[in-house]
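Enquirer: Before I ask anything, let me first share the structure, which is written out below as structure tokens.
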Amino acid sequence: MLMRQADEAGNPAFRRGQQAVIAYFEGWWAARRGDYATAKQEATRIGELLAPDANPRKLEPAHQLEGLVALYQGKYGEAVEHLRQADPFDRYVKYHLAVATEGSG
């Protein structure tokens, strides 16, 4: 569905954004399965897809995904570092940041 919308829009930036959303969810699902290598690859892919964009917040989803990977692995300090760079208005980021902060002491 996301790629159908991208096809209809015909805008390269929109297409990259849709691909980044797909990469985020593929990475999140991989992290939940414990496939952290794939999850990190998807976080890198998000950055590559959104690199041409001028948006200063473009890497927030990649940082959220990296933060979740670190959190699931019990690397609380690393999770805090990434989650602080994720969307500060996202309630799930706030929750996971609180969990990581508590875990890091």
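The values are calculated or read from the model by the stated rules, or taken from the named source; none is laboratory data. All figures in this text were calculated on a predicted structure; none of them were measured in a lab. Positions of Cβ are backbone-derived with ideal geometry, glycine not excepted, and every protein chain shown enters the neighbour counts. What goes into the accessible areas is simple: the full protein's heavy atoms, side chains included, and nothing from ligands, DNA or RNA. Shrake-Rupley method; radii C 1.70, N 1.55, O 1.52, S 1.80 Å.
Enquirer: With every protein chain left in place, what is the accessible area per residue of the chain in square angstrom, probe 1.4 Å?
Expert: I get 61 Å² per residue for this part.
Enquirer: By how many nm would the segment from Trp29 to Ala9 grow when fully extended, if each residue of separation counts as 0.36 nm and the alpha-carbon distance is taken off?
Expert: The Trp29-Ala9 span can extend by a further 4.5 nm.
Enquirer: Given a 1.4 angstrom probe, I'd like the percentage of the accessible area of the chain that is carbon and sulfur, rounded to a whole number.
Expert: 53 percent
Enquirer: Would you please name the chymotrypsin sites (Phe, Trp or Tyr not before Pro) within the chain that are DSSP coil residues with at most 15 other C-beta atoms within 10 Å of their C-beta?
Expert: Phe89
Enquirer: Kirkwood hydrodynamic radius, the chain, all distinct C-alpha pairs: what's the number in Å?
Expert: Kirkwood hydrodynamic radius for the chain: 13.9 Å.
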